[in-house]
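A short reminder: the numbers here are calculations on the coordinates, not readings from a lab. Just so you know, these numbers come straight off a predicted model, no measurement behind them. Using ideal geometry, Cβ is built from the backbone for each residue, glycine included, and neighbour counts are taken over all protein chains shown.
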Amino acid sequence: MPPLLRRFLVLCASIFAILTFNFFLFHVIPGDPIRLIARSQRLSPEQVEKLRQAYGLDGSIFSQYLTYLKNLAHGDLGYSFALHENVSDIVGRALLNTLILLTVSTTVVVLLGIIIGVFAGSRQGSTSDSATVVTSLVFWSLPTFWVGMLLVFIFGVWIGGLPISGITTPNAEYQNYFQYIADIARHLILPTLTLALVDIAFFVIITRTSLIEVMSEDYMLTARGKGLSRRTMVWKHATRNALLPVVTASVLYISALVAGAIQVEVVFSWPGMGLLTYNSVLARDYPTLEACFLIISVAVLVANFIADLVYRRLDPRVAVA
Amino acid sequence: MMTFELSASDESTVVQSTGLSAMLRSIWADRLGRVGLILLAVTAVVAIVGPMIFPFDPTDVGSDASTILQPPSSEHWLGTDELGRDVFREFIAGARISLFVGIMATLISTVIGAGIGIVAGYFRGPLDTTLMSATDFFLVIPALPLMIAMGAIFGQNLVIIILVIGLLSWPRTARIVRSQTLSLRQRQYVSRAKSLGASDARIIRRNVAPHVMQLIVANTILVVAGCILAEATLSFIGLGDPDRISWGSMLHFAFVSGAVGLGAWWYFLPPGLGILVVVLGFTLVGHSFERIANPRLKGE
């Protein structure tokens, strides 16, 4: 079997496993899922009966499972009694906002992380190198949500000047599209800064380790022998080769990124999947919570698959193995 | 058979007894490792002795509005929270809960991870394939959303939180232990024990487990850091045990009561610094231990 096909089948099996796991978690373990839904809102007996039929709860577990899969296939994620809206509509909006946050913050984290990592690694053993390592370990040990709270305190209460909540200024009127984008960008600053402060450490440490290893290779000696400048040696020759392990490790980062984004969205009220998860936990809005869990998990599985494809393209040695 | 038994047990006890004190000494010799040990010792004293000297009474709430969110004073060293309770005493009580949850969850995760890793690596075959597929599955799915979903469904108490974190933190341990077991089972003394008629259970107990121990300990120390952070995050989301306040739940209440916006730094700074000290302590000691246990990492 070609490795690509094999990876794809593993992806499909994993998604199927998540769907089944989710079914047991939200539909079988609580006994009666209607009880979970009704916990958030008082329902009349007629409404309960209607829901019971809609979810196919009058049948056996297996037929319930089929109904559940059929509803999912139709994009039907249920109805949120807390928000009085179809869950799929709510999730659709939140997903877009999360993607904006993730794209911007991941770019910043990866780029800065690699640059700082190369900077430290090429000066192995120096004071600036050990200072970078210690600082990274300290920031990596901080809870993301607490760093966010500190920034809210500093920029919201103490110094002021930066928006600390939401994605746009409430009731703002925009003359043109550019102003609208600029407003979103301003709201992005603190959430991105929070994620960057904590998560950059991950890429700094890995890039540094990988660069130090590359610097001891024979071809680096050759480069030095050719009389290349230190800058060309480090940034052109060494960095390119040091980046492969960084790509591999970024797969491990996806899970940390999701956890960080959830916390940042909560602290800065960024209306994405994380804030939605938080609000549905507080409101005990189980249909929405279930949808958030499903969408985030499937998105992470797909992201892993794509990262794997990219990695195979970058390093043909893996494709052969 | 008799001589084999003696030599095997002698060997493993020697490894373990010189192991532990020598390990502590080498961590102490490492600069960052020493900082980590000091941080952990301070936390341990605060968490164990602290609540005896400064007991926290969660029902000791303020009598009126003038007692809530008060800045530090001689009466309340770290001020009061949104209910007028003493933040200093709450902080010390929280240390105990945060450490307790982190360590218990780690124990569960280590037992599962080490068990799966040893069994998969030792027996190989379809059992290995099945166990490792499950491990990879849990390694890939994002842990926090899953913990949040399970926490929200099973309810908010300390046992559930420990179980949820412990049951979802084992995959990396399983992977590391399995690869070490794979290399161990190729060693000569394992095939010798086998040809002498030792059962699989016996070989695992006598010849495999003692040799993956160092690795498991090093990994466990790092897992504690992750579990403490996981507990803090879950409690911050609002899934903490309402009766047993941890540093994470303190930050939850500080956040939802608007203490940050009101500038009540005495309320939200200490729990975060506490988490930083413990997590950094475990991380430093863990990395130091890992470098000693696995000399190949030293060059890095």
What's the angle, to the nearest 10 degrees (0 to 90), between helix B:143-154's Cα axis and the longest principal axis of chain B?
70
With R₀ set to 30 angstrom, the calculated FRET efficiency between the beta-carbons of A:Ala13 and A:Leu112, to the nearest 0.05, is 0.25
Peptide A:237-244 - average C-beta neighbours from other chains (10 Å radius)
0
Cα centre as origin, Lys/Arg/Asp/Glu Cβ charges: the protein assembly as shown dipole, Debye:
2620
Shielding of B:149-155 by other chains, given as the mean Cβ count within 10 Å, works out to 6
Protection proxy ranking, peptides B:200-208, B:75-83, average beta carbon neighbours within 10 Å, highest first:
B:75-83, B:200-208
Taking the simple approach of a point 7 Å from Cα along Cα-to-Cβ for both A:Arg240 and B:Ser73, what is their distance in nm?
6.8
Expressed as a whole number of Å, what is the distance separating the alpha-carbon centroids of region B:22-47 and region B:51-71?
33
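Can you work out the FRET efficiency for the pair B:Ile53 and B:Met213, with r the C-beta to C-beta distance and R0 = 45 Å, to the nearest 0.05? The partial results should precede the final answer.
Values: r = 36 Å, r/R0 = 0.81.
Computed FRET efficiency for B:Ile53 and B:Met213 comes out at 0.80.
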So, over other residues within a Cβ distance under 15 Å of A:Val104, counting Lys, Arg +1 and Asp, Glu -1, the net charge is -2
Report, in degrees rounded to the nearest 10, the 0 to 90 angle that the Cα long axis of helix B:31-53 makes with the longest principal axis of chain B.
50
Helix A:273-282 versus the longest principal axis of chain A: what angle, 0 to 90°, nearest 10, using Cα atoms?
50
First measure r as the distance between the Cβ atoms of B:Leu20 and B:Ile160, then evaluate 1/(1 + (r/R0)^6) with R0 = 25 Å and state the FRET efficiency to the nearest 0.05.
0.15
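List the equivalent ellipsoid semi-axes of region B:2-297 in whole Å, largest first, each obtained as the square root of 5λ for an eigenvalue λ of the Cα gyration tensor.
43, 22, 14
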Ranked output for segments A:14-22, B:21-29 by mean other Cβ atoms within 10 Å, highest leading, reads A:14-22, B:21-29
In what order do B:Lys194, A:Lys226 fall by count of nearby beta-carbon atoms within 10 Å, going from fewest to most?
A:Lys226, B:Lys194
Between the alpha carbon centres of region A:109-173 and region A:2-31 the gap in Å comes to 36
Counting partner chain Cβ atoms within 10 Å of every residue's Cβ in B:214-226, what's the average?
0
The protein assembly as shown: calculated mean residue ellipticity at 222 nm from DSSP helix runs of at least 4, using -39500 (n - 2.57)
-24500 deg cm²/dmol
If the chain between A:Thr232 and A:Trp158 were fully extended at 0.36 nm per residue, the gain over the current Cα-Cα distance would be 22.3 nm
Neighbours of A:Asp76 by Cβ distance under 14 Å: Lys/Arg at +1, Asp/Glu at -1, summed charge -2
Explain nothing, just compute: Karplus ³J(HN,Hα) = 6.51 cos²θ - 1.76 cosθ + 1.60, θ = phi - 60°, for every residue of region A:175-184 in order, whole Hz, x for Gly and Pro.
6, 8, 5, 4, 5, 4, 4, 4, 5, 4
Using Cα centres only, tell me the gap between region A:194-244 and region B:241-280 in whole Å.
39
Sequence ranges B:184-193, A:207-216, B:265-274, ranked by mean other-Cβ count within 10 angstrom, highest first
B:265-274, A:207-216, B:184-193
